[in-house]
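Below is one structure, written out as C-alpha coordinates; comments come after it.
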Amino acid sequence: MTDHIKLDQKTKKLYRTALKPLADHLAFGLPVNPNDTARRPTALFLGNHSSGKSSFINHLLGTQLQKTGLAPTDDGFTIITYGEKTDSIDGQTVASHPELAYQDLQCLGPAFISRLRLRAEPNPVLQEFNMIDSPGMIDAVDRSNSREYDFERSIRIFAENSDIILFFFDPDKPGTTAETISVLTNTLAGLEHKLMIVMNKVDLFTTMRDFARSYGTLCWNLSKAITTKDIPHIFTTYLPELATPRADSGNKRIPLEDFDTARKEIVNEVKRTPTRRADNLVSDLLHAARNLAIQARVSDQIGIAYRNMKLRWHGSSAIICAVSAVAAWLLWKREVAWQNLAIGVGVALAIVTLIALFGKYRLNQFNQSLKRVEFLDPFFDQAYSNEITLGERLDLRAAWVGIREGMTRSLKVTPPTKFPLRMTRLRLLRRLERAIYDEIPKLRRQVGMESNESSPASGN
Ligand SMILES: Nc1nc2c(ncn2[C@@H]2O[C@H](COP(=O)(O)OP(=O)(O)OP(=O)(O)O)[C@@H](O)[C@H]2O)c(=O)[nH]1
Ligand SMILES: [Mg+2]
(Lines give C-alpha, C1' and ligand atoms only; values in the text may rest on other atoms or scores of the structure.)
(Ligands and ions follow the chains in the order given, each with its own letter.)
Protein backbone atom coordinates (compact mmCIF):
# COMPACT_ATOMS: atom_id res chain seq x y z
CA MET A 1 0.00 0.00 0.00
CA THR A 2 1.47 3.41 -0.97
CA ASP A 3 2.23 6.05 1.69
CA HIS A 4 -0.50 8.43 0.58
CA ILE A 5 -3.19 5.73 0.90
CA LYS A 6 -1.92 4.83 4.39
CA LEU A 7 -1.99 8.47 5.46
CA ASP A 8 -5.40 8.96 3.87
CA GLN A 9 -6.70 5.98 5.83
CA LYS A 10 -5.21 7.26 9.09
CA THR A 11 -6.76 10.73 8.68
CA LYS A 12 -10.11 9.22 7.67
CA LYS A 13 -9.98 6.98 10.76
CA LEU A 14 -9.50 10.04 12.95
CA TYR A 15 -12.36 11.81 11.15
CA ARG A 16 -14.51 8.74 11.81
CA THR A 17 -13.59 8.06 15.43
CA ALA A 18 -12.72 11.48 16.90
CA LEU A 19 -14.67 14.03 14.85
CA LYS A 20 -17.73 12.41 13.29
CA PRO A 21 -19.61 11.34 16.47
CA LEU A 22 -19.50 14.89 17.89
CA ALA A 23 -20.03 16.50 14.46
CA ASP A 24 -23.21 14.42 13.97
CA HIS A 25 -24.59 15.53 17.34
CA LEU A 26 -23.90 19.19 16.58
CA ALA A 27 -24.84 19.10 12.85
CA PHE A 28 -21.31 20.33 12.08
CA GLY A 29 -20.39 19.92 8.39
CA LEU A 30 -17.10 18.01 8.06
CA PRO A 31 -15.10 18.88 4.92
CA VAL A 32 -14.40 15.20 4.25
CA ASN A 33 -16.63 12.19 4.14
CA PRO A 34 -14.67 9.55 6.09
CA ASN A 35 -16.12 6.84 3.88
CA ASP A 36 -14.90 8.32 0.57
CA THR A 37 -12.28 6.44 -1.44
CA ALA A 38 -8.72 7.75 -1.09
CA ARG A 39 -7.86 10.21 -3.86
CA ARG A 40 -4.36 10.27 -5.35
CA PRO A 41 -2.16 13.36 -4.89
CA THR A 42 -2.94 15.69 -7.78
CA ALA A 43 -1.37 18.59 -9.68
CA LEU A 44 -3.86 20.79 -11.56
CA PHE A 45 -2.81 22.81 -14.62
CA LEU A 46 -4.89 25.92 -15.32
CA GLY A 47 -4.36 29.06 -17.39
CA ASN A 48 -4.96 30.97 -20.60
CA HIS A 49 -5.34 29.04 -23.81
CA SER A 50 -2.05 28.28 -25.58
CA SER A 51 -0.05 29.32 -22.52
CA GLY A 52 1.73 25.95 -22.57
CA LYS A 53 -0.12 23.81 -20.00
CA SER A 54 -0.21 20.66 -22.10
CA SER A 55 3.37 21.25 -23.29
CA PHE A 56 4.54 21.50 -19.66
CA ILE A 57 2.79 18.24 -18.78
CA ASN A 58 4.54 16.60 -21.76
CA HIS A 59 7.83 18.08 -20.55
CA LEU A 60 7.30 16.57 -17.08
CA LEU A 61 6.41 13.19 -18.55
CA GLY A 62 9.22 13.31 -21.11
CA THR A 63 6.80 12.27 -23.86
CA GLN A 64 4.28 13.90 -26.24
CA LEU A 65 1.19 12.60 -24.44
CA GLN A 66 -1.08 15.66 -24.64
CA LYS A 67 -1.94 17.40 -27.90
CA THR A 68 -0.53 20.92 -28.18
CA GLY A 69 -1.05 23.77 -30.62
CA LEU A 70 -1.47 27.50 -31.05
CA ALA A 71 -5.26 27.48 -31.49
CA PRO A 72 -7.32 26.51 -28.39
CA THR A 73 -6.51 22.80 -28.25
CA ASP A 74 -8.10 21.28 -25.13
CA ASP A 75 -11.83 21.77 -24.74
CA GLY A 76 -12.18 19.39 -21.80
CA PHE A 77 -10.43 18.10 -18.71
CA THR A 78 -7.98 15.19 -18.88
CA ILE A 79 -7.00 13.29 -15.75
CA ILE A 80 -3.61 11.72 -16.36
CA THR A 81 -2.82 8.83 -14.07
CA TYR A 82 -0.59 5.79 -13.75
CA GLY A 83 -1.61 2.52 -15.36
CA GLU A 84 0.15 -0.75 -16.19
CA LYS A 85 -0.68 -0.09 -19.86
CA THR A 86 -1.79 2.87 -21.97
CA ASP A 87 -5.53 3.32 -21.65
CA SER A 88 -8.23 5.95 -22.10
CA ILE A 89 -11.50 6.04 -20.14
CA ASP A 90 -14.52 8.20 -21.00
CA GLY A 91 -16.01 10.74 -18.57
CA GLN A 92 -19.14 8.74 -17.75
CA THR A 93 -17.06 5.80 -16.54
CA VAL A 94 -14.65 8.09 -14.66
CA ALA A 95 -17.46 9.85 -12.79
CA SER A 96 -19.28 6.65 -11.85
CA HIS A 97 -16.36 4.33 -11.05
CA PRO A 98 -16.35 3.75 -7.26
CA GLU A 99 -12.59 3.23 -7.09
CA LEU A 100 -11.62 6.40 -8.95
CA ALA A 101 -13.05 8.83 -6.35
CA TYR A 102 -14.42 11.28 -8.93
CA GLN A 103 -18.14 10.75 -8.28
CA ASP A 104 -18.59 14.35 -7.14
CA LEU A 105 -18.04 15.44 -10.77
CA GLN A 106 -21.42 13.99 -11.71
CA CYS A 107 -23.15 17.12 -10.37
CA LEU A 108 -21.62 19.10 -13.29
CA GLY A 109 -23.97 17.45 -15.79
CA PRO A 110 -23.67 15.56 -19.07
CA ALA A 111 -22.11 18.46 -21.05
CA PHE A 112 -19.17 18.43 -18.65
CA ILE A 113 -18.96 14.63 -18.43
CA SER A 114 -18.72 14.38 -22.22
CA ARG A 115 -15.65 16.63 -22.03
CA LEU A 116 -13.92 14.63 -19.33
CA ARG A 117 -11.58 11.72 -19.81
CA LEU A 118 -8.92 9.80 -17.99
CA ARG A 119 -5.68 8.67 -19.58
CA ALA A 120 -3.56 6.00 -17.96
CA GLU A 121 0.12 5.69 -18.86
CA PRO A 122 2.86 3.42 -17.57
CA ASN A 123 5.05 6.48 -16.92
CA PRO A 124 7.14 6.39 -13.68
CA VAL A 125 6.46 10.12 -13.02
CA LEU A 126 2.76 9.24 -12.61
CA GLN A 127 3.40 6.57 -10.01
CA GLU A 128 3.28 9.11 -7.19
CA PHE A 129 0.68 11.60 -8.37
CA ASN A 130 -1.97 12.46 -10.99
CA MET A 131 -1.94 15.47 -13.29
CA ILE A 132 -5.03 17.24 -14.63
CA ASP A 133 -4.92 19.17 -17.89
CA SER A 134 -7.69 21.72 -18.40
CA PRO A 135 -9.21 23.74 -21.25
CA GLY A 136 -7.53 27.12 -21.74
CA MET A 137 -9.29 30.18 -20.41
CA ILE A 138 -10.77 32.56 -22.95
CA ASP A 139 -12.57 35.91 -23.17
CA ALA A 140 -16.17 36.49 -22.15
CA VAL A 141 -17.37 36.89 -25.75
CA ASP A 142 -16.04 33.48 -26.75
CA ARG A 143 -17.05 31.96 -23.42
CA SER A 144 -20.80 32.48 -23.89
CA ASN A 145 -20.61 30.59 -27.19
CA SER A 146 -18.42 27.67 -26.26
CA ARG A 147 -18.98 26.50 -22.67
CA GLU A 148 -22.07 24.42 -22.13
CA TYR A 149 -21.32 23.58 -18.52
CA ASP A 150 -20.42 25.47 -15.37
CA PHE A 151 -16.72 25.95 -16.07
CA GLU A 152 -15.90 27.78 -12.83
CA ARG A 153 -17.69 25.22 -10.66
CA SER A 154 -15.76 22.42 -12.35
CA ILE A 155 -12.50 24.30 -11.70
CA ARG A 156 -13.48 24.73 -8.04
CA ILE A 157 -14.14 21.01 -7.55
CA PHE A 158 -10.85 20.05 -9.18
CA ALA A 159 -8.96 22.78 -7.29
CA GLU A 160 -10.32 21.76 -3.89
CA ASN A 161 -9.18 18.20 -4.48
CA SER A 162 -5.76 19.10 -5.89
CA ASP A 163 -2.60 19.67 -3.93
CA ILE A 164 -0.86 22.11 -6.23
CA ILE A 165 -2.43 24.42 -8.81
CA LEU A 166 -0.18 25.73 -11.58
CA PHE A 167 -1.67 28.79 -13.24
CA PHE A 168 -0.10 29.51 -16.62
CA PHE A 169 0.23 32.85 -18.42
CA ASP A 170 2.19 33.69 -21.55
CA PRO A 171 3.60 36.91 -23.05
CA ASP A 172 0.62 37.20 -25.35
CA LYS A 173 -2.05 37.50 -22.64
CA PRO A 174 -0.54 38.41 -19.27
CA GLY A 175 -3.68 37.89 -17.23
CA THR A 176 -6.21 39.76 -19.29
CA THR A 177 -8.82 37.17 -20.26
CA ALA A 178 -12.11 37.62 -18.46
CA GLU A 179 -12.23 33.98 -17.35
CA THR A 180 -8.74 34.15 -15.84
CA ILE A 181 -9.58 37.17 -13.70
CA SER A 182 -12.87 35.67 -12.58
CA VAL A 183 -11.33 32.29 -11.72
CA LEU A 184 -8.50 33.89 -9.74
CA THR A 185 -10.81 36.30 -7.91
CA ASN A 186 -13.77 34.07 -7.13
CA THR A 187 -13.24 30.42 -7.97
CA LEU A 188 -9.88 29.94 -6.27
CA ALA A 189 -10.63 32.14 -3.24
CA GLY A 190 -9.24 30.49 -0.10
CA LEU A 191 -7.02 28.11 -2.08
CA GLU A 192 -4.18 30.60 -2.66
CA HIS A 193 -1.80 28.44 -0.59
CA LYS A 194 -1.89 25.81 -3.36
CA LEU A 195 -1.36 28.31 -6.17
CA MET A 196 1.82 28.66 -8.27
CA ILE A 197 1.77 31.38 -10.92
CA VAL A 198 3.85 30.58 -14.01
CA MET A 199 4.70 33.06 -16.75
CA ASN A 200 5.70 30.75 -19.58
CA LYS A 201 7.32 31.17 -23.01
CA VAL A 202 9.75 33.90 -21.91
CA ASP A 203 11.93 32.86 -24.87
CA LEU A 204 9.47 34.84 -27.02
CA PHE A 205 10.66 38.17 -25.60
CA THR A 206 13.10 39.90 -27.90
CA THR A 207 14.16 42.63 -25.42
CA MET A 208 14.35 43.01 -21.63
CA ARG A 209 12.06 46.04 -21.97
CA ASP A 210 9.33 43.81 -23.46
CA PHE A 211 9.82 41.28 -20.68
CA ALA A 212 9.62 43.96 -17.95
CA ARG A 213 6.47 45.46 -19.47
CA SER A 214 4.71 42.09 -19.71
CA TYR A 215 5.81 41.03 -16.21
CA GLY A 216 4.60 44.37 -14.83
CA THR A 217 1.22 43.96 -16.53
CA LEU A 218 0.85 40.47 -15.07
CA CYS A 219 1.68 41.74 -11.55
CA TRP A 220 -0.83 44.58 -11.95
CA ASN A 221 -3.57 42.21 -13.13
CA LEU A 222 -2.84 39.71 -10.35
CA SER A 223 -2.91 42.41 -7.69
CA LYS A 224 -6.46 43.23 -8.79
CA ALA A 225 -7.56 39.59 -9.05
CA ILE A 226 -5.96 38.09 -5.91
CA THR A 227 -7.22 39.78 -2.80
CA THR A 228 -4.81 38.22 -0.26
CA LYS A 229 -2.13 40.48 1.22
CA ASP A 230 0.74 39.00 -0.78
CA ILE A 231 0.65 38.13 -4.46
CA PRO A 232 2.06 34.62 -4.95
CA HIS A 233 5.56 34.41 -6.38
CA ILE A 234 5.59 34.46 -10.19
CA PHE A 235 7.80 31.81 -11.78
CA THR A 236 9.10 32.97 -15.16
CA THR A 237 10.17 30.18 -17.47
CA TYR A 238 10.08 28.50 -20.89
CA LEU A 239 10.46 25.03 -22.37
CA PRO A 240 13.86 24.57 -24.06
CA GLU A 241 12.55 21.99 -26.52
CA LEU A 242 9.97 24.50 -27.84
CA ALA A 243 11.98 27.71 -27.53
CA THR A 244 12.80 29.92 -30.52
CA PRO A 245 16.27 29.10 -31.89
CA ARG A 246 19.29 30.69 -30.17
CA ALA A 247 20.41 34.27 -30.73
CA ASP A 248 23.54 33.18 -32.57
CA SER A 249 21.32 31.72 -35.28
CA GLY A 250 20.14 35.23 -36.15
CA ASN A 251 17.13 35.52 -33.74
CA LYS A 252 16.84 38.24 -31.15
CA ARG A 253 15.96 36.94 -27.68
CA ILE A 254 16.75 37.72 -24.05
CA PRO A 255 19.33 35.65 -22.08
CA LEU A 256 17.52 32.53 -20.81
CA GLU A 257 19.90 30.96 -18.25
CA ASP A 258 18.08 32.30 -15.15
CA PHE A 259 14.78 30.98 -16.44
CA ASP A 260 16.21 27.45 -16.54
CA THR A 261 16.58 27.62 -12.74
CA ALA A 262 12.94 28.69 -12.39
CA ARG A 263 11.84 25.71 -14.52
CA LYS A 264 13.76 23.32 -12.27
CA GLU A 265 12.05 24.88 -9.24
CA ILE A 266 8.62 24.37 -10.82
CA VAL A 267 9.43 20.76 -11.73
CA ASN A 268 10.65 20.10 -8.16
CA GLU A 269 7.50 21.65 -6.69
CA VAL A 270 5.28 19.50 -8.92
CA LYS A 271 7.22 16.41 -7.87
CA ARG A 272 6.58 17.37 -4.24
CA THR A 273 2.81 16.96 -4.84
CA PRO A 274 2.59 13.79 -2.66
CA THR A 275 4.24 15.64 0.25
CA ARG A 276 1.93 18.60 -0.25
CA ARG A 277 -0.97 16.14 -0.25
CA ALA A 278 0.14 14.76 3.10
CA ASP A 279 0.50 18.27 4.56
CA ASN A 280 -2.91 19.30 3.23
CA LEU A 281 -4.63 16.19 4.61
CA VAL A 282 -3.26 16.75 8.12
CA SER A 283 -3.78 20.54 8.06
CA ASP A 284 -7.40 20.16 6.92
CA LEU A 285 -8.01 17.56 9.63
CA LEU A 286 -6.53 19.81 12.34
CA HIS A 287 -8.47 22.81 11.06
CA ALA A 288 -11.76 20.87 11.12
CA ALA A 289 -11.00 19.42 14.58
CA ARG A 290 -10.21 22.84 16.08
CA ASN A 291 -13.34 24.43 14.63
CA LEU A 292 -15.45 21.54 15.86
CA ALA A 293 -13.94 21.89 19.35
CA ILE A 294 -14.83 25.59 19.40
CA GLN A 295 -18.38 24.82 18.28
CA ALA A 296 -18.66 22.09 20.92
CA ARG A 297 -17.47 24.37 23.74
CA VAL A 298 -19.78 27.20 22.67
CA SER A 299 -22.66 24.71 22.34
CA ASP A 300 -21.90 23.51 25.84
CA GLN A 301 -22.34 27.05 27.20
CA ILE A 302 -25.59 27.38 25.24
CA GLY A 303 -26.73 24.03 26.65
CA ILE A 304 -25.95 25.18 30.21
CA ALA A 305 -27.80 28.48 29.73
CA TYR A 306 -30.80 26.65 28.26
CA ARG A 307 -30.84 24.09 31.09
CA ASN A 308 -30.57 26.86 33.73
CA MET A 309 -33.51 28.71 32.21
CA LYS A 310 -35.55 25.53 32.18
CA LEU A 311 -34.59 24.74 35.77
CA ARG A 312 -35.58 28.23 36.86
CA TRP A 313 -39.11 27.96 35.45
CA HIS A 314 -39.67 24.34 36.37
CA GLY A 315 -38.13 24.99 39.81
CA SER A 316 -40.41 27.97 40.53
CA SER A 317 -43.46 25.98 39.41
CA ALA A 318 -42.43 23.02 41.57
CA ILE A 319 -41.85 25.25 44.64
CA ILE A 320 -45.22 26.97 44.22
CA CYS A 321 -46.93 23.60 43.80
CA ALA A 322 -45.21 22.23 46.91
CA VAL A 323 -45.99 25.33 49.03
CA SER A 324 -49.63 25.27 47.85
CA ALA A 325 -49.95 21.57 48.66
CA VAL A 326 -48.52 22.07 52.17
CA ALA A 327 -50.74 25.14 52.74
CA ALA A 328 -53.81 23.24 51.52
CA TRP A 329 -53.02 20.34 53.81
CA LEU A 330 -52.56 22.65 56.83
CA LEU A 331 -55.81 24.47 56.06
CA TRP A 332 -57.58 21.14 55.61
CA LYS A 333 -56.35 20.11 59.05
CA ARG A 334 -57.78 23.31 60.54
CA GLU A 335 -61.06 22.48 58.89
CA VAL A 336 -61.26 25.59 56.70
CA ALA A 337 -64.33 25.73 54.49
CA TRP A 338 -63.76 23.68 51.30
CA GLN A 339 -64.83 26.59 49.09
CA ASN A 340 -61.96 28.75 50.44
CA LEU A 341 -59.61 25.82 50.00
CA ALA A 342 -60.68 25.37 46.39
CA ILE A 343 -60.14 29.09 45.68
CA GLY A 344 -56.62 28.86 47.20
CA VAL A 345 -55.73 25.79 45.12
CA GLY A 346 -57.20 27.42 41.98
CA VAL A 347 -55.11 30.58 42.47
CA ALA A 348 -51.97 28.48 43.02
CA LEU A 349 -52.66 26.46 39.86
CA ALA A 350 -53.27 29.64 37.86
CA ILE A 351 -49.93 31.08 39.06
CA VAL A 352 -48.12 27.82 38.15
CA THR A 353 -49.75 27.81 34.69
CA LEU A 354 -48.77 31.45 34.12
CA ILE A 355 -45.19 30.74 35.16
CA ALA A 356 -45.05 27.67 32.89
CA LEU A 357 -46.42 29.67 29.94
CA PHE A 358 -44.01 32.52 30.56
CA GLY A 359 -41.13 30.01 30.83
CA LYS A 360 -42.11 28.41 27.54
CA TYR A 361 -42.28 31.83 25.89
CA ARG A 362 -38.79 32.75 27.17
CA LEU A 363 -37.32 29.40 26.02
CA ASN A 364 -38.85 29.96 22.57
CA GLN A 365 -37.37 33.45 22.49
CA PHE A 366 -33.99 31.97 23.44
CA ASN A 367 -34.19 29.43 20.58
CA GLN A 368 -35.15 32.19 18.12
CA SER A 369 -32.19 34.34 19.23
CA LEU A 370 -29.77 31.48 18.43
CA LYS A 371 -30.28 32.36 14.75
CA ARG A 372 -28.39 35.65 15.26
CA VAL A 373 -24.58 35.56 15.32
CA GLU A 374 -24.35 38.49 17.81
CA PHE A 375 -26.39 36.44 20.29
CA LEU A 376 -23.76 33.66 20.15
CA ASP A 377 -20.75 35.94 20.83
CA PRO A 378 -21.19 36.09 24.66
CA PHE A 379 -21.30 32.27 24.78
CA PHE A 380 -17.94 32.19 22.97
CA ASP A 381 -16.53 34.70 25.50
CA GLN A 382 -17.80 32.51 28.35
CA ALA A 383 -16.45 29.28 26.81
CA TYR A 384 -12.99 30.80 26.35
CA SER A 385 -12.95 33.20 29.33
CA ASN A 386 -9.68 31.72 30.70
CA GLU A 387 -7.82 31.86 27.39
CA ILE A 388 -9.10 35.38 26.66
CA THR A 389 -8.16 36.63 30.16
CA LEU A 390 -4.64 35.23 29.94
CA GLY A 391 -3.94 37.10 26.70
CA GLU A 392 -5.79 38.35 23.66
CA ARG A 393 -6.20 35.13 21.60
CA LEU A 394 -6.64 36.59 18.13
CA ASP A 395 -6.32 33.15 16.52
CA LEU A 396 -9.28 31.81 18.53
CA ARG A 397 -11.39 34.85 17.79
CA ALA A 398 -10.57 34.68 14.07
CA ALA A 399 -11.54 30.99 14.02
CA TRP A 400 -14.76 31.84 15.85
CA VAL A 401 -15.66 34.58 13.35
CA GLY A 402 -15.11 32.01 10.60
CA ILE A 403 -17.48 29.40 12.06
CA ARG A 404 -20.23 31.34 13.88
CA GLU A 405 -22.35 31.87 10.75
CA GLY A 406 -22.29 28.11 10.10
CA MET A 407 -23.10 27.48 13.76
CA THR A 408 -26.39 29.41 13.51
CA ARG A 409 -27.36 26.99 10.73
CA SER A 410 -26.27 23.97 12.81
CA LEU A 411 -28.44 25.24 15.69
CA LYS A 412 -31.47 25.32 13.41
CA VAL A 413 -30.96 21.61 12.72
CA THR A 414 -29.96 20.73 16.28
CA PRO A 415 -31.47 23.22 18.78
CA PRO A 416 -30.59 22.83 22.49
CA THR A 417 -33.67 20.61 22.97
CA LYS A 418 -31.93 18.00 20.78
CA PHE A 419 -28.51 18.24 22.47
CA PRO A 420 -27.32 14.93 23.93
CA LEU A 421 -26.74 14.66 27.68
CA ARG A 422 -23.93 16.92 28.94
CA MET A 423 -21.97 13.85 30.07
CA THR A 424 -22.03 12.47 26.50
CA ARG A 425 -21.08 15.87 25.03
CA LEU A 426 -18.10 16.26 27.34
CA ARG A 427 -16.94 12.68 26.71
CA LEU A 428 -16.98 13.28 22.93
CA LEU A 429 -15.20 16.63 23.40
CA ARG A 430 -12.46 14.96 25.47
CA ARG A 431 -12.02 12.39 22.67
CA LEU A 432 -11.74 15.22 20.14
CA GLU A 433 -9.20 17.11 22.27
CA ARG A 434 -7.08 13.97 22.54
CA ALA A 435 -6.95 13.92 18.75
CA ILE A 436 -6.07 17.65 18.57
CA TYR A 437 -3.29 17.58 21.19
CA ASP A 438 -1.91 14.08 20.76
CA GLU A 439 -2.88 12.06 17.66
CA ILE A 440 -2.86 14.80 14.97
CA PRO A 441 0.54 16.24 16.06
CA LYS A 442 1.90 12.67 15.91
CA LEU A 443 0.56 12.35 12.37
CA ARG A 444 2.06 15.75 11.49
CA ARG A 445 5.50 14.64 12.80
CA GLN A 446 5.21 11.48 10.73
CA VAL A 447 4.41 13.51 7.59
CA GLY A 448 7.33 15.84 8.34
CA MET A 449 9.70 12.90 8.70
CA GLU A 450 8.47 11.31 5.49
CA SER A 451 8.80 14.57 3.56
CA ASN A 452 12.38 15.04 4.81
CA GLU A 453 13.23 11.52 3.70
CA SER A 454 11.59 11.97 0.31
CA SER A 455 12.65 15.52 -0.57
CA PRO A 456 15.04 14.98 -3.43
CA ALA A 457 17.26 17.79 -4.63
CA SER A 458 16.71 16.54 -8.12
CA GLY A 459 15.94 18.90 -10.96
CA ASN A 460 15.21 18.24 -14.55
N1 LIG B 1 8.26 29.41 -27.81
C2 LIG B 1 7.63 28.65 -26.95
N3 LIG B 1 6.50 27.99 -27.32
C4 LIG B 1 5.87 27.21 -26.41
C5 LIG B 1 6.34 27.05 -25.09
N6 LIG B 1 5.50 26.23 -24.41
C7 LIG B 1 4.52 25.90 -25.29
N8 LIG B 1 4.74 26.48 -26.49
C9 LIG B 1 3.89 26.41 -27.69
O10 LIG B 1 2.68 27.08 -27.42
C11 LIG B 1 1.61 26.47 -28.09
C12 LIG B 1 0.50 26.15 -27.14
O13 LIG B 1 0.93 25.17 -26.23
P14 LIG B 1 -0.06 24.18 -25.51
O15 LIG B 1 0.76 23.35 -24.60
O16 LIG B 1 -0.97 23.52 -26.47
O17 LIG B 1 -0.91 25.22 -24.66
P18 LIG B 1 -2.19 24.93 -23.74
O19 LIG B 1 -2.11 25.90 -22.63
O20 LIG B 1 -2.29 23.52 -23.41
O21 LIG B 1 -3.35 25.37 -24.74
P22 LIG B 1 -4.91 24.98 -24.65
O23 LIG B 1 -5.02 23.51 -24.45
O24 LIG B 1 -5.47 25.44 -25.94
O25 LIG B 1 -5.47 25.76 -23.52
C26 LIG B 1 2.16 25.20 -28.77
O27 LIG B 1 2.36 25.52 -30.14
C28 LIG B 1 3.50 25.00 -28.10
O29 LIG B 1 4.45 24.45 -28.97
C30 LIG B 1 7.57 27.73 -24.73
O31 LIG B 1 8.06 27.65 -23.62
N32 LIG B 1 8.13 28.50 -25.69
MG1 LIG C 1 -3.73 22.12 -23.75
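The values are calculated or read from the model by the stated rules, or taken from the named source; none is laboratory data. Everything numeric here is computed off the predicted structure, so don't read it as measured data. Positions of Cβ are generated from backbone atoms using ideal geometry, with glycine treated the same way; all protein chains shown enter the neighbour counts. Just so you know, the surface numbers come from the protein's heavy atoms only, side chains and all, with ligands and any DNA or RNA stripped out. Shrake-Rupley method; radii C 1.70, N 1.55, O 1.52, S 1.80 Å.
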task: Report the percentage of all Cα-Cα pairs in the range 289-448 whose separation exceeds 20 Å, rounded to a whole percent.
output: 64 percent
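Dipole magnitude of the chain about its Cα centre, charges +1 at Lys/Arg Cβ and -1 at Asp/Glu Cβ only, in debye to the nearest 20?
Numbers: 60 positive and 51 negative charges, 511 e Å.
Computed about the Cα centre, the dipole is about 2460 debye.
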field: Whole-Å semi-axes of the ellipsoid equivalent to the range 330-422 (Cα gyration tensor, √5λ, descending)
entry: 47, 16, 10
task: May I ask you to compute the full-extension gain from Ser316 to Ser114, defined as 0.36 nm times their residue separation minus their alpha-carbon distance, rounded to one decimal in nm?
output: 65.9 nm
query: If we sort 433-442, 377-386 on the protection proxy, mean other Cβ atoms within 10 Å, highest first, what's the order?
result: 377-386, 433-442
- prompt: Put +1 on the Cβ of every Lys and Arg and -1 on every Asp and Glu Cβ in the chain; which of Ala278, Ala325, Phe358 then has its Cα farthest towards the positive end of the dipole?
  reply: Ala325
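Using the beta-carbon distance between Thr86 and Arg209 and R0 = 45 Å, what value does 1/(1 + (r/R0)^6) give for FRET efficiency, to the nearest 0.05? Walk me through the numbers before you get to the answer.
Working: r = 46 Å, r/R0 = 1.02.
The value I calculate is 0.45.
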statement: A chain fully extended from Ala356 to Trp332 at 0.36 nm per residue, minus the present Cα-Cα distance, gains in nm 6.0 nm
task: Set the Förster distance to 25 Å, then compute FRET efficiency between Thr417 and Val347 from the Cβ-Cβ distance, nearest 0.05.
output: 0.20
task: Per DSSP H run of n ≥ 4, the term is -39500 (n - 2.57); total these for the chain, divide by its residue number, and report the mean residue ellipticity at 222 nm rounded to 500 deg cm²/dmol.
output: -18000 deg cm²/dmol
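Using a Förster radius of 60 Å, what is the FRET efficiency between Glu152 and Asp438 based on their Cβ-Cβ separation? Nearest 0.05, please.
Numbers: r = 40 Å, r/R0 = 0.67.
E(calc), rounded to 0.05, equals 0.90.
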- prompt: About its Cα centre, what dipole magnitude does the range 313-460 give when the only charges are +1 on Lys and Arg Cβ and -1 on Asp and Glu Cβ, stated in debye to the nearest 20?
  reply: 560 debye
- request: At 0.36 nm per residue, minus the direct Cα-Cα distance, what do Ala189 and Leu242 gain on full extension? Give it in nm, one decimal, please.
  value: 15.8 nm
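Take the cross-link list Lys194/Lys442; Lys194/Lys412; Lys6/Lys418 and give me the ones stretching past 30 Å between alpha-carbons.
Details: Lys194/Lys442 24 Å; Lys194/Lys412 34 Å; Lys6/Lys418 37 Å.
From Lys194/Lys442; Lys194/Lys412; Lys6/Lys418, over 30 Å: Lys194/Lys412; Lys6/Lys418.
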message: Could you tell me which residue out of Ala95, Leu126, Leu166 lies farthest along the dipole of the range 39-271 toward its positive end? Charges go on the beta carbon: Lys and Arg +1, Asp and Glu -1, centred on the Cα centre.
response: Leu166
- prompt: To the nearest 20 debye, what is the magnitude of the charge dipole of the range 39-271 about its Cα centre, counting +1 on the Cβ of each Lys and Arg and -1 on the Cβ of each Asp and Glu?
  reply: 340 debye
query: Which angle between 0 and 90 degrees, to the nearest 10, do you get for helix 273-333 versus the longest principal axis of the chain when only C-alpha atoms count?
result: 10 degrees
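What does the highest-first list of 352-361, 272-281 look like by mean Cβ count within 10 Å? Mind dumping the intermediate values first?
Values: 352-361: 13.5, 272-281: 21.6.
Descending mean neighbour count gives 272-281, 352-361.
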- prompt: In the range 41-131, which chymotrypsin sites (Phe, Trp or Tyr not before Pro) fall in coil by DSSP and have 14 or fewer other Cβ atoms within 10 Å?
  reply: none
- prompt: Taking N as the number of residues in the range 1-88, what value does Rg over Cα atoms divided by 2.2 N^0.38 Å take?
  reply: 1.57
field: Listed residues Glu99, Glu192, Glu179 arranged by accessible area, highest first, probe 1.4 Å
entry: Glu99, Glu192, Glu179
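I need the fraction of alpha carbon pairs in the chain separated by more than 35 Å, rounded to a whole percent.
Working: 50979 of 105570 pairs.
The proportion of pairs with Cα distances above 35 Å equals 48 percent.
Given a cut-off of under 8 Å on Cα pairs at least six residues apart, what relative contact order in percent is computed for the chain? Show your work: numbers first, answer last.
Details: 587 pairs, mean separation 80.6, N = 460.
Answer for the chain is 18 percent.
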statement: For Gln9 and Arg431, extending 7 Å from Cα along the Cα-Cβ vector and measuring point to point gives, in nm, a value of 2.1 nm
